[in-house]
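Peer 1: Before anything else, here's the structure in question.
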Amino acid sequence: MKKNTLLLLTLIFTISTTIAQTFTKGSIATSSNESIKGRVLIDYDTEKITLKKDLKTTTYSFDQVNTVTLGSTQLIKKDIDGASYYVSNIISGKGSLYKINDSQYLVTGNNDKNAIITTNKKSNTTSGILAILFDDCNSIRTTLNNEDNFNGPALRKIVDAYNSCDYSAYAPTEKEVKDAAKHNTDQASFFAGIGTGLNTITFFDNNDTETLASIQVQAGVITSPSFFGRLQGNLFVTLEGSANFSGEKDFNTNTSETTSFRVNSYRAFLGLEYLFNKKGKIKPFAGLSIGVTSDSFKGNIDDFNFDITGGNTILAPKIGARLQLPNQKHLGITFAYISEYENNLSFPVNNTVIPLVVNNENITLSLNYYF
C-alpha cells in the first residue's frame, strides 16, 4: 500500500512539474485592450491561450488575444492561410522575417506573399519557395541557388539581401537560360537484383512435367521519357538482361533412360511497365516484356554426354511493387511469368542423332535495387 501511494505521488509530481514547465512568465493583450500579466501557455492544437494568475486559470481563444509577451519577447498575431501564429519580428521591410519557434520562421516578400520555412528538416523546395516570394529581385536567385542550409542565420542574410535589392521584373539569368536549354526532364534509373526461378520442363514428347530450380541475377535500365506527357512517371520503358543458373538434376518421369542435365539461360528483354501511385511510398506496377533467350543444356542421356545450346523468343508478363527508400532510391520485388517455348535440340552419338526436344515454362521472383 505504501509502495503504491509513493508511486502515485511521484506520478502526480512529475505531471505537475511537466505542466508547470510549459508555462512562461509574461502577459497578454486582449482584443478589448486589456493587458494581463501571469504565466502564459500557447496551444496551437486547440488555438487556445491559457493564463495563470495567482490561483486563477483563464483560457482565451486566439480571436481574443492580439499580442503575447513571453519573458521580454513580444509576439504579434499573424494569420497565415486561415491559421493564426504568434511570432516575434526579426526583420522588417519590403521583406520581413518572423520567428514562430526554434525551427519555424515566417517569411513575407513581394506583394505580401508569405510562407513558413521549417529549418530542422532538409527540403529541396525551400530555394524555390523563397524565389517565388522574392520574384522581383533577380540577383537574389544566385544566393538562393548557392545556399544548402536554410537555417535562421541564412534566412536573416537572405531577407536582408532582398530588402537592399534593385527591384525589377523577373528575367532569367544567363546561367538559367543555359541550364534550361540543356535540361533533360526524362526520368531514368538503373537497377540490379537477384532472384530465383522455377523452370517447368517436359521433353521426349512426354506430357509429364518436372521442375528445375535456378538462381537468377539481373540488371537493366528503366526510363520514362518526357514525351510521354501526362503519363510520365507512370509509364516506363525497360531494358533488362538476366542470367539463370541451375544445378544438375536427375529426371525420372519423362524418360525411361537415365537422364540428367542442368540448364543455364541468358535472356534479354525490352518491355513496358505501368506504375501506379507514382507519388506514394509503395508503387505497384504491371508490365509486359518481349525478349530472347539462349539456353545451354549440359548433361547426359544413358551415359552419353551432351553440351548443346538452343534459344527462342519469349513473352514475359509481370507484376510487382517498388518501395521508396529514405534516400529516394527504390527497392522492388517482381514476379514474372515466361510463357512456354520449345528448344528443338539434338546431338550426335556414334553416327546417330539423338533428339532432345525440351519445352520450357518459367516463373521468376526477384528483388531489385533501383538507383
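The values are calculated or read from the model by the stated rules, or taken from the named source; none is laboratory data. This is a predicted model, so every value here is computed, not measured. Neighbour counts are summed over all protein chains in view; Cβ atoms, including those assigned to glycine, are modelled from backbone coordinates with ideal geometry. These accessible areas exclude ligands, DNA and RNA; they are computed on the full protein's heavy atoms, side chains included. Shrake-Rupley method; radii C 1.70, N 1.55, O 1.52, S 1.80 Å.
Peer 1: Roughly what would the spin-label model give for K298 and S103, points 7 Å off Cα along C-beta, in nm?
Peer 2: Result: 5.8 nm between the two label points.
Peer 1: Restricting to Cα pairs below 8 Å that are 6+ residues apart, what does the relative contact order work out to for the chain? Please round to a whole percent.
Peer 2: Across the chain, relative contact order equals 9 percent.
Peer 1: Determine the sum of side-chain charges near G311: Lys and Arg each +1, Asp and Glu each -1, restricted to other residues whose C-beta is under 10 angstrom from that of G311.
Peer 2: 0
Peer 1: So which residue, out of E34, E147, E361, gets the largest mean-square fluctuation from a GNM of the chain using Cα contacts under 10 Å as springs?
Peer 2: E34
Peer 1: Which percent of the Cα-Cα distances in region 23-164 go past 28 Å?
Peer 2: Summing the P(r) tail past 28 Å for region 23-164 gives 28 percent.
Peer 1: How would K99, K25, K283 rank on accessible area, largest to smallest, probe 1.4 Å?
Peer 2: My answer, sorted largest first, is K25, K99, K283.
Peer 1: I'd like the per residue volume of the convex hull spanned by the Cα atoms of region 36-75, given in cubic angstrom.
Peer 2: 70 Å³
Peer 1: A further question follows. With a 1.4 Å probe and all protein chains kept in place, how much accessible area does D186 have, in Å² rounded to the nearest 10?
Peer 2: Estimated to the nearest 10 Å², D186 gives 70 Å².
Peer 1: Quick one: net charge of Y370's neighbours, Cβ under 11 Å, K/R +1, D/E -1?
Peer 2: Result for the neighbourhood of Y370: +3.
Peer 1: For F335, F191, give the ranking by accessible area with the largest first, probe 1.4 Å.
Peer 2: From most exposed to least exposed: F335, F191.
Peer 1: If each DSSP helix of 4+ residues adds -39,500 (n - 2.57) and the sum is divided by the residues in the chain, what number results at 222 nm, nearest 500 deg cm²/dmol?
Peer 2: Taking each H run of at least 4 residues, the total per residue is -4500 deg cm²/dmol.
Peer 1: Restricted to Cα positions, what overall size does the chain have along the principal axes? Three whole-Å values, descending.
Peer 2: Dimensions of the chain along the principal axes of its Cα atoms: 112, 78, 27 Å.
Peer 1: Here's something else I'd like to know. For region 187-370, what is the number of Lys pairs with C-alpha distance below 19 angstrom, counting only pairs 8 or more positions apart or on separate chains?
Peer 2: Final tally of qualifying lysine pairs is 7.
Peer 1: Still on this model: Check every DSSP H run in the chain and write down those whose alpha carbon atoms cover 18 angstrom or more along the long axis and whose mean Kyte-Doolittle hydropathy is -1.0 or greater.
Peer 2: Helix filter hits for the chain: 2-22.
Peer 1: Rolling a 1.4 angstrom probe over the protein chains, ignoring ligands and nucleic acids, what is the accessible area of K52 in square angstrom, nearest 10?
Peer 2: 70 Å²
Peer 1: At R0 = 30 Å, how high is the FRET efficiency between E147 and I282 if r is their beta carbon distance? Nearest 0.05 is fine.
Peer 2: 0.35
Peer 1: Over region 229-289, what is the relative contact order in percent, taking alpha-carbon pairs closer than 8 angstrom and at least six residues apart?
Peer 2: Reported relative contact order: 36 percent.
Peer 1: By the scheme Lys and Arg +1, Asp and Glu -1, what is the net charge of all other residues having a beta-carbon under 10 Å from that of R267?
Peer 2: -2
Peer 1: Where only protein heavy atoms count, and the probe is 1.4 Å, what is the accessible area per residue for the chain in Å²?
Peer 2: On a per-residue basis, the chain sits at 58 Å².
Peer 1: Moving on. Given region 187-370, report the % of alpha carbon pairs whose separation exceeds 28 Å.
Peer 2: For region 187-370, the share of Cα pairs beyond 28 Å comes to 34 percent.
Peer 1: Ignoring any ligand, DNA or RNA, what whole percent of the accessible area of the chain comes from carbon and sulfur when the probe is 1.4 angstrom?
Peer 2: After summing per-atom areas, the C and S share lands at 55 percent.
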